[in-house]
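The values are calculated or read from the model by the stated rules, or taken from the named source; none is laboratory data. This is a predicted model, so every value here is computed, not measured. Don't worry about glycine lacking a Cβ; one is built from the backbone with ideal geometry, like all the others, and counts go over all protein chains shown. In case anyone asks, the SASA skips ligands and DNA or RNA and just uses the protein heavy atoms, side chains included. Shrake-Rupley method; radii C 1.70, N 1.55, O 1.52, S 1.80 Å.
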Amino acid sequence: MNSDRYSRQADIIPSQRILDCKATVIGVGAIGRQVAIQLTAIGIPSIQLVDFDNVEESNIASQGYLEGDLKQFKVDATADLCKKINSQIDIEVIKDRFKRSTTAGNCMFCCVDSIVTRKHIWDIVKDGVNFFCDGRTSAEVFRIVTACNEESRNYYPQTLFAAEQAHVGPCTAKTTIYCANIAAGFMLTQFTKYLRLLPVDPDIQVNLLASEMSVISES
């Protein structure tokens, strides 16, 4: 890794451990786009972006896309920005849903909207990834659920509640870019704890409006 580029994080992010990682980001909407950008910035060498959506005008305010990205595939627009941050990064884009036939990286960031989709993804990858982090947001509330050892892998399925139990707010109160950015930061924090062989919190819930946070830590 370039010693100057990463000098300010050298004692936080182990260079050899991160070089052994390939990250798969499923969903590059509000959280996923920010996760991809932050992973690129800290030096992940290889990243796979999975999403089938195009950039719409509403994505500029809520997801941080640029006006010039309109009508492009989100994976292409995000890959372009990641390449501008690090021209040496290896990026694979998949303009489709995540499937059983998809060859994923050893570290996965699940940034999808649906509990049903999360269940499907977990069923596919639960025994095949070393680190799995699921980010969920609604307006100014987010939840980060991480599975990277036996205890947290057993816990994660308990968070996959039935779709009808999910909170459904008005369409004008669904996403804020600042909440997505903070949620992505928490996901990267769990990832860097994993890289440093530190305890990782299986479940973090944050309400920005109420300034409240609850954490389920490893026992």
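Scalar couplings 3J(HN,Hα) for segment 90-104, obtained by applying the Karplus form with A = 6.51, B = -1.76, C = 1.60 to θ = phi - 60°, are 8, 10, 10, 10, 10, 8, 6, 6, 6, 10, 4, 7, 6, 8, 9 Hz; x denotes Gly and Pro.
At a Förster radius of 25 Å, what calculated FRET efficiency corresponds to the Cβ-Cβ distance of F161 and K193, to the nearest 0.05?
0.45
When the charge dipole of segment 1-78 is built from unit charges on Cβ atoms (+1 for Lys and Arg, -1 for Asp and Glu) and taken about the Cα centre, the candidate among N54, G43, S3 whose Cα reaches farthest toward its positive end is S3.
Each label was represented as a point 7 Å from its Cα along the Cα-to-Cβ direction; for Q16 and S217 these points are 2.9 nm apart.
Coordinate range of the alpha-carbon atoms in segment 93-145 per principal axis, descending: 34, 24, 20 Å.
When the chain is treated as a Gaussian network with alpha carbon springs shorter than 10 Å, the biggest mean-square fluctuation among Q48, Q88, Q190 belongs to Q88. Taking every DSSP helix (H) stretch of at least 4 residues in the chain, weighting each as -39,500 (n - 2.57) and dividing the sum by the residue count yields a mean residue ellipticity at 222 nm of -9500 deg cm²/dmol. With the simple model of a label 7 Å out from the Cα in the direction of the Cβ, K83 to N154 spans 4.6 nm.
When S114, S7 are compared by accessible surface with a 1.4 Å probe, the order from highest to lowest is S7, S114. For the chain, with every protein chain kept in place, what is the accessible area per residue (1.4 Å probe, Å²)? For the chain, the per-residue accessible area is 50 Å².
Shown for the chain are the DSSP H helices of 20 Å or more along their axis, judged by Cα atoms, with a mean Kyte-Doolittle hydropathy of at least -1.0: 177-195. Take the Cα of R100, step 7 Å toward its Cβ, do the same at K126, and the gap between the two points is 1.5 nm. Panel values: segment 19-73, Kirkwood radius from alpha carbon pairs, Stokes-Einstein at 4 °C and 1.567 mPa s, translational diffusion coefficient 110 µm²/s. Heavy-atom surface analysis with a 1.4 Å probe gives the chain a carbon and sulfur content of 50 percent of its accessible area.
Each part gets one Cα centre, and for segment 94-163 versus segment 14-33 those centres are 13 Å apart. Ordered from largest to smallest accessible area (heavy atoms of protein chains, 1.4 Å probe), the residues D4, D113 come out as D113, D4. Counted over the chain with a bin width of 5 Å, the fraction of Cα pairs per bin, in whole percents, is 1, 7, 15, 20, 21, 18, 12, 5, 1, 0.
Under the classification rounded if a/c is under 1.5, otherwise prolate if a/b is larger than b/c and oblate if not, where does segment 1-111 fall, given a ≥ b ≥ c as square roots of the Cα gyration tensor eigenvalues? Judged from the Cα gyration tensor, segment 1-111 comes out oblate (a/c at least 1.5, b/c at or above a/b).
Peptide packing for 52-61, 94-103 was compared via the average number of neighbouring C-beta atoms within 10 Å per residue; ordered from the highest value, the list is 52-61, 94-103. Look at where the Cα atoms of segment 46-63 and of segment 176-198 average out, and the two centres are 19 Å apart.
Taking the highest mean first, how do the peptides 137-148, 24-35 order by number of other beta carbon atoms within 10 angstrom per residue?
Result, highest mean Cβ count within 10 Å first: 24-35, 137-148.
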